[in-house]
Structure formats: structure tokens, C-alpha cells
Amino acid sequence: MGVEVTGIFGLLLLILVIYAIVKTVQSGASTGGKVIWIVVLILLPLLGFILWLLFGPK
């Protein structure tokens, strides 16, 4: 029931989410924090990426 993302925008979003997941895994955040961010990024790609940019582990 979410927004369907297709085409070049979908590909770009996929690349950005993968980048965010890799950066999260490499961060110094706690394991629990990493798991929560990765789950948010996978379940809510667009909103999760925006939240990760604003509040994610640095």
C-alpha cells in the first residue's frame, strides 16, 4: 500500500539506500542502533533515507 517507485528514480533510490546501509554498518553506532537503521531503510526506503540523512549515525 506504499508509493510505487519505478524507473530511474527507483534505481537512484535503491543506490542511495544501499549507500546508507553500507555507511550505517561502517559507523561507530551500537549494534542495536545499526539494526534499527537498516530495518527502517529497508521497510521505508524514501522516508528512511531522509531520516537517515537527518538523524542517522555519523
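Over the stretch 6-58, what is the relative contact order in whole percent, taking alpha-carbon pairs under 8 Å and six or more residues apart? Spell out each step's value before the answer.
On the way: 34 pairs, mean separation 21.3, N = 53.
Answer for the stretch 6-58 is 40 percent.
Over the C-alpha atoms of the chain, what are the Rg and the largest Cα-to-Cα span, Dmax, in Å?
In Å, with Rg to one decimal and Dmax whole: 11.4, 35.
Might you tell me the accessible area per residue for the chain, computed with a 1.4 Å probe and given in Å²?
Values: 4260 Å² over 58 residues.
Per-residue value: 73 Å².
Between K58 and Q26, what is 0.36 nm times their sequence separation minus the Cα-Cα distance? Round to one decimal in nm.
Details: separation 32, 0.36 × 32 = 11.52 nm, distance 0.96 nm.
Contour length minus Cα-Cα distance gives 10.6 nm.
L44's amide H: which non-local residues (gap 5+, or another chain) put their own amide H closer than 5 Å, with H modeled 1.01 Å from N in plane and none for Pro or chain starts?
Close amide H contacts, sequence-distant or interchain: none at all.
What does the charge count near F55 come to, summing +1 for each Lys or Arg and -1 for each Asp or Glu among other residues with Cβ under 15 Å from its Cβ?
Working: positive: K23, K34, K58; negative: none.
With Lys, Arg at +1 and Asp, Glu at -1, the neighbours total +3.
Angle check, please: helix 45-55 long axis (alpha carbons) against the longest principal axis of the chain (alpha carbons), in degrees 0 to 90, nearest 10.
40 degrees
Ranked highest first by the average count of other Cβ atoms within 10 Å around their residues, in what order do 4-10, 51-57 fall?
Values: 4-10: 8.7, 51-57: 13.7.
With the highest mean Cβ count within 10 Å placed first, the list reads 51-57, 4-10.
The values are calculated or read from the model by the stated rules, or taken from the named source; none is laboratory data. Quick caveat: nothing in here was measured; it's all calculated off a predicted structure. Using ideal geometry, Cβ is built from the backbone for each residue, glycine included, and neighbour counts are taken over all protein chains shown. Heavy atoms of the whole protein, side chains included, go into the accessibility calculation; ligands, DNA and RNA do not. Shrake-Rupley method; radii C 1.70, N 1.55, O 1.52, S 1.80 Å.
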